[in-house]
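To start, the structure itself, in structure tokens.
The values are calculated or read from the model by the stated rules, or taken from the named source; none is laboratory data. Please read these numbers as outputs of a predicted model, since none were measured by experiment. Every residue, glycine among them, receives a Cβ derived from its backbone with ideal geometry; neighbour counts consider all protein chains shown. What goes into the accessible areas is simple: the full protein's heavy atoms, side chains included, and nothing from ligands, DNA or RNA. Shrake-Rupley method; radii C 1.70, N 1.55, O 1.52, S 1.80 Å.
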Amino acid sequence: MTIVQLEYAVAVDTYRSFVTAAEKCFVTQPTLSMQIQKLEELLGVKLFDRSRQPITPTEIGIEVIEQARILLQESYKIKDIIEERKYSV
């Protein structure tokens, strides 16, 4: 599981579209879809119900994406720490 895969899952949840999420993430739609599929395979669950438009998260997908949002916020703090240290030396 990678930070990028989690970012893509959050983007799909946010935009409810693989195409729009890919555009916002600056990747092609097939790239984004492949990474979401790899994440789902790794976790052993489907995160999104692709049979509906707009795309909606599955029940477990809602929980996973909620946790992914928390994890991503925490990971961004690492970048903040590094930026602060660079300029305080």
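Some notes on this structure:
- Listed by first and then second residue, the pairs linking a residue in region 19-37 that is within 13 Å of L47 (Cβ to Cβ) to a residue that is open to solvent by 70 Å² or more (accessible area, probe 1.4 Å) and of a type in the set (F, W, Y), with Cβ atoms under 9 Å apart and 6 or more places separating them unless they lie on different chains, are A21/Y15.
- When the test is whether a residue is open to solvent by less than 60 Å² (accessible area, probe 1.4 Å), out of contact with any Cys (no Cβ under 7 Å at 6 or more places or on another chain) and among the polar types (S, T, N, Q), T28 does not pass it.
- Which listed residue is open to solvent by 20 Å² or more (accessible area, probe 1.4 Å), touching a residue at least 60 places away in the same chain (Cβ under 8 Å) and among the hydroxyl-bearing types (S, T, Y), from S88, S75: S75
- Test: residue in region 46-56 that is open to solvent by 20 Å² or more (accessible area, probe 1.4 Å) and within 23 Å of Y76 (Cβ to Cβ): no
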